[in-house]
Amino acid sequence: MSTVLVTGALGYVGSQTVARLHEQGATVVPTDIDTPANRKAARRLPSGISVRWADLTERGHVTRLLTDVAPAAIVHLAAVIPAATYLNAKLSRKVNVEATRLLVEAAEQLSQRPRFVHASSVAVHGSRNPYHNRILTADSPLNPVDSYGAQKLAAENIVRQSGLEWLILRLGAVVSTDVRSLPVSADVMFLEWSSPSDGRINTVDVRDVAAAFAAAVGSNVSGEILMIGGDDSHRQLQGDMGPAVAEAMGLRNVYPRGRPGNPNDDSAWFVCDWMDTARSQEVLDFQHHSWPDMLAEIRTRVGALRYLLTALSPIARVVLRRRTPYRGQPGIYADPWGLAYQRWPGARPD
Ligand SMILES: NC(=O)c1ccc[n+]([C@@H]2O[C@H](COP(=O)([O-])OP(=O)(O)OC[C@H]3O[C@@H](n4cnc5c(N)ncnc54)[C@H](O)[C@@H]3O)[C@@H](O)[C@H]2O)c1
């Protein structure tokens, strides 16, 4: 396999994708923005692989990178994802949309045009009411409800209108058995807890996402959008997912109970849903880790620390329940976007 340039290579999905491509024998060139955190993450890359530092919002950096590397394929993962998107929607648009444009334009200028594999998100489909919506397909309506979804949709359109051979992978909720690597923060927890507990969510193991990107590089399918979710065991309800992970770690009954969604309000649901992955699995053969297997692996990885976490559960329960977004709020139904727009004005579609 010839040279593959991976952007956002030191991120959550990127680091796994670089490792997977390397294992498969590709010459991988990881690129990311130069920050202290990324310098630290670069030390964990497989030996012999070094990072090309570039800020993809700078045209000069992008042109130099592509001219020097002349990749046969680009896996474009670099992005600013929620809740960081909402905290700085302007910078996020520069990264999520304008950097994609710069990368596509520079790729089009190369004498050998690279294949372009682009990471998108189910957020492009917007709020998903399980009472009215069928499961997600690539053809489901596109109706972003947040700045992130709007930006990911704009980036998809740039890729689709390009003169490159492209493939777009729309990812569901990416999860990991390495609980330390999960992007958990107070803002991310706020988003999760404000989402309707009976909303549908399709998780997928980050290693399977990496397998999908690696397979997409070598696939002869192009000009398609593929839905990347785990197998049927990953079709779950929002309110069941977090507690299952916490229980696997030994944390018992610590999760605040969420609110159900309003069956009569199509705009008040989170952006995740169950996904039809028949076509993506046929093309990429990436689903290798079931949800029960992931939970068993978490249990094993946490090991004896589980006993300590179980002992700490009563304290964790009190602390976490104080943080529930609906504490003291009127009403019975979840209102995730009402809360999000209030907390982060930059969450509104831009
Ligand atoms: N994590 C998920 O659940 C999920 C779900 C759907 C879609 N996605 C998509 O998958 C891709 C990877 O997501 P992730 O979870 O690994 O995100 P991440 O935040 O862990 O990684 C993104 C990477 O982009 C890099 N980056 C940011 N600004 C940059 C710039 N100006 N120049 C160069 N690099 C820059 C960051 O340093 C980081 O390493 C993204 O496109 C994201 O939108 C992720």
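The values are calculated or read from the model by the stated rules, or taken from the named source; none is laboratory data. All values derive from a computational prediction rather than experimental measurement. In this analysis, Cβ positions are derived from the backbone assuming ideal geometry, glycine residues included, and neighbour counts consider all displayed protein chains.
Here are the numbers for this structure:
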{"item": "Selection status of TYR326, surrounded by 17 or more Cβ atoms within 10 Å (Cβ to Cβ) and not charged (D, E, K, R)", "result": "yes"}
{"item": "From the options PRO114, PRO46, PRO141, residue that is in contact (Cβ under 8 Å) with a residue 12 or more places away in the chain and over 26 Å from GLN161 (Cβ atoms)", "result": "PRO46"}
{"item": "Filter result for the condition that a residue is away from the ligand (no atom under 13 Å from the Cβ) and at pLDDT 95 or above, over ALA73, ALA54, ALA9, ALA79", "result": "ALA73"}
{"item": "Of all residues in region 23-34 being away from the ligand (no atom under 13 Å from the Cβ) and not in a loop (DSSP other than H, G, I, E, B), the one that is surrounded by the most Cβ atoms within 10 Å (Cβ to Cβ)", "result": "VAL28"}
{"item": "Within region 154-273, helices (runs of 4 or more DSSP H) holding 3 or more residues that are in contact with a strand residue (DSSP E or B) (Cβ under 9 Å, 6 or more places away or on another chain)", "result": "206-218, 238-249"}
{"item": "Whichever residue in region 105-140 is away from the ligand (no atom under 16 Å from the Cβ) and of a type in the set (D, E, K, R) and, among such residues, is surrounded by the most Cβ atoms within 10 Å (Cβ to Cβ)", "result": "ARG115"}
{"item": "Residues of region 288-328 classified as of a type outside the set (A, V, I, L, M, F, W, C) and either without any contact (Cβ under 8 Å) to a residue 24 or more places away in the chain or not in a helix (DSSP H, G or I) (or both), total", "result": "14"}
{"item": "Residue among GLN161, GLN151 that is modelled with pLDDT of 95 or more, surrounded by fewer than 24 Cβ atoms within 10 Å (Cβ to Cβ) and over 15 Å from PHE270 (Cα atoms)", "result": "GLN161"}
{"item": "Cβ pairs under 8 Å, 6+ apart, first in region 170-197 and among the hydroxyl-bearing types (Ser, Thr, Tyr), second within 12 Å of the ligand (Cβ to nearest atom) and assigned to a helix (DSSP H, G or I)", "result": "SER176/TYR12; SER176/VAL206; SER181/TYR12; SER181/VAL206"}
{"item": "Test: LEU102 is within 11 Å of the ligand (Cβ to nearest atom) and part of a strand (DSSP E or B)", "result": "no"}
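For every residue, the table says whether it meets (1) within 24 Å of GLU98 (Cβ to Cβ); (2) within 23 Å of the chain's Cα centre (by Cα); (3) part of a helix (DSSP H, G or I).
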position	(1), (2), (3)
ALA9	yes, yes, no
GLY14	yes, yes, yes
THR17	yes, yes, yes
LEU21	no, yes, yes
LYS40	no, yes, yes
GLY48	no, no, no
LEU56	yes, yes, no
THR67	yes, no, yes
